[in-house]
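Please read the structure below before turning to the comments.
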């Protein structure tokens, strides 16, 4: 069984303890920890600068700084997730980290299909019952993922 865990960055230790309690991860042949760097905010920034400012594009230095911050955040999220899974007894060689760029729901679905995962795990919104318990990406994955989906709050 291959498991894809979609990470946004707001998953704390409680999320991983619940995951370990609900799912026998030690039986999984591979765990894909996936963080997608969303390109939408950067595009919105460019449009906003174009519309309200002097039509100056973001400088190459600012673009490099933004990209560096995005990469550093992705690395921190993936490292924290790896540490939490290792603490639950999962062998390190089964954990694979993936950082992608694009729209999260599309990239996660694409990766799930390419890697032929058996299960996609997403983080639900804590404290938001009913129709608002899932964000847009989690809802899309639950509705459109090629295999089973699991939501952990």
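Of note:
- For the chain, relative contact order (Cα pairs under 8 Å, six or more residues apart, normalised by length) works out to 33 percent.
- Correct choice for mean projected area of the Cα convex hull in nm² that was computed from the model, options (1) 13.3; (2) 11.2; (3) 10.3: (3)
- Model label sites at residue 83 and residue 29, defined 7 Å from Cα along the beta-carbon direction, differ in position by 3.1 nm.
- Note on residue 62 and residue 106: with the Förster distance fixed at 22 Å, the Cβ-Cβ geometry gives a FRET efficiency of about 0.25.
- Nearest-ten-degree value, helix 13-22 long axis tilted from longest Cα axis of the chain: 40
- 222 nm mean residue ellipticity, helices alone, for the chain (DSSP H n ≥ 4; -39,500 (n - 2.57); rounded to 500): -15500 deg cm²/dmol
Every number here is computed from the coordinates shown, using simple stated rules; none is lab data. The structure presented is a predicted model; accordingly, all values stated were derived computationally and were not measured. Here Cβ is always computed from backbone atoms with ideal geometry, including for glycine, and neighbour counts include all displayed protein chains.
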